[in-house]
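I have placed the structure first, in the form of structure tokens, so that the comments after it can refer back to it.
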Amino acid sequence: MSEHIIVSVKNLVKNYISGTETLCILQGINFDVERGSVVAVTGQSGSGKSTLLNIIGGLDRCDSGSVEVAGSEITGLSEIELSSYRQRRIGFIFQFHYLLKDFTALENVMLPAYMTGMRKKDSLEKARLLLADMKLEDRISHFPSQLSGGERQRVAVARAMVNDPDIILADEPTGNLDPRNSGMVADLLFAGAEKWGKSLIVVTHDETVACRAKIRCTLENGILGGFPLSGENALSEENALSEENALSEENALSEERAPSEERV
Ligand code: ADP
Ligand code: MG
């Protein structure tokens, strides 16, 4: 995998069994995310956006296909390896902030770094820096209950960045906010990702959020459309296309041949 590619997904398939029915959620997804790029994924409710993010983030497993993050294949990892992968390589932001209610904003942000071995002083310093980026310098000692919805979500953005992840995965990060707060969270999230050189995949219903991403794609009928392919994925797509062309040319030839064959 090229060094420029941070996430490479190939032929990703995910089905859910519901009673006697098989739900085909992801039906062969292919894409590469370049280091530092920002991707917005839209699609109808139930189209599999969260499922896709959860598989990339090691919260869920696929049925087949491959997911490489920073050059490492994650689909075969054990539960313990996946837990470490999530802590160290991924920054999650969800629709609900999931802050720990008995900890201050500063503690909520520093904890993931401290828990994974950073010295307390350094984790506090990093957390302060990130909260300042989120324009929350004067809220660092507040508990979640003392913060507004937009402020809590900005704490969650800072927390997602504290472990210097390879990629930030944001699932409807502004889904619970009014337009003004939504715009502010999106501004700070995108600016933070750019400042810290982070790749970001954001799933959103919010057009004002999606339109800020350089790359936009849509999940529909289990397939991700609109994604510019690069690297090996572009090559395999090219091969698939040339195979398709070869097949259709063959068909055309055999159709051409058919009448004369009939005559024989
Ligand atoms: P989105 O995030 O695009 O709204 P999801 O990824 O949450 O969609 O879900 C995609 C589809 O998979 C939905 O139809 C949902 O009901 C189904 N689904 C999600 N998780 C499960 C599960 N654990 N078991 C069965 N079906 C599921
Ligand atoms: Mg969802």
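Computed from the coordinates by the stated procedures, all read-outs in this text should not be read as laboratory data. Keep in mind the model is a prediction, meaning the values are calculated, not measured.
Could you tell me the number of lysine pairs in the chain with C-alpha atoms less than 15 Å from each other, where the two lysines are 8 or more residues apart or belong to different chains?
5
What angle, in degrees between 0 and 90 and rounded to the nearest 10, separates the Cα long axis of helix 79-89 from the longest principal axis of the Cα atoms of the chain?
Result, in degrees: 70.
Roughly what % of DSSP beta bridges within the chain run antiparallel, to the nearest 5?
Bridges in the chain that DSSP calls antiparallel: roughly 55 percent.
Once the Cα gyration tensor of segment 1-61 is diagonalised, what are the square roots of 5 times its eigenvalues, in whole Å and ordered largest first, as equivalent ellipsoid semi-axes?
Output for segment 1-61: semi-axes of 25, 13, 10 Å.
Please state, to two decimals, what the Cα-based radius of gyration of segment 23-175 comes to when divided by 2.2 N^0.38 Å (N = residues).
1.10
Can you tell me what the convex hull of the Cα atoms of segment 125-203 projects to on average, as an area in nm²?
With every direction weighted equally, the projected area is 4.9 nm².
The chain: percent of C-alpha pairs farther apart than 24 Å?
53
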